[in-house]
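Coordinate-derived values only; no laboratory data. Here the structure is a predicted model, which means the values were calculated and not measured. Reconstructed Cβ throughout: ideal geometry from the backbone, glycine too, with neighbour counts over all protein chains shown.
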Amino acid sequence: MIPVQRLNHAVLYVRDAQRAAAFYRDAFGFEVVTEMPGAVFLRAAGSTSHSVLGLFSVCAYAPGPRRGAVGLYHLAWQVPEVTDLVTARTKLMELGAYRGESDHGATKSIYGADPDGNEFEIMWIVPRDDWGDYEHGAVVAPLDLDREVARYGARS
């Protein structure tokens, strides 16, 4: 068994690393760790990782990711407060990057895509004591974010 602790970083092929980096800076507040020709490495504020996202330019006319094809479906970033999902939804809508939202029982999620079509999830984990039937299961249901903020906003 390999004793993995967590995912440390992801690397994406994009059409233009500078353009993609600008998106991730604007959307997430990621900071540039290092740049080199055709590549940018970013770190989330407060991250203990050297970098959380690497971006490599391939070609301005490269095809985007295809849904349903073999490969990465999406990345998921966890936020500390349920109210951060409201912020995420608003920011992604401003950037034209919002794709939807879901209630997964033990997690609540907002979905978006970067300028190259790489999909990502912004997710918040419900307090463990409230997992109930979702301890060993999940659901894909419409998210009532106002209800979740009313329920968990003060204690998340």
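Side notes on the structure shown:
- The chymotrypsin sites (Phe, Trp or Tyr not before Pro) of segment 60-90 meeting both criteria, a DSSP state outside H, G, I, E and B (loop) and at most 14 other C-beta atoms within 10 angstrom of the site's C-beta, are 61, 73.
- Computed over segment 73-156, Cα set: Rg, Dmax in Å: 12.6, 38
- The length gained on full extension between residue 139 and residue 86, counted as 0.36 nm times the residue separation minus their Cα-Cα distance, comes to 17.0 nm.
- Percent of beta bridges antiparallel (DSSP, the chain, rounded to nearest 5): 70
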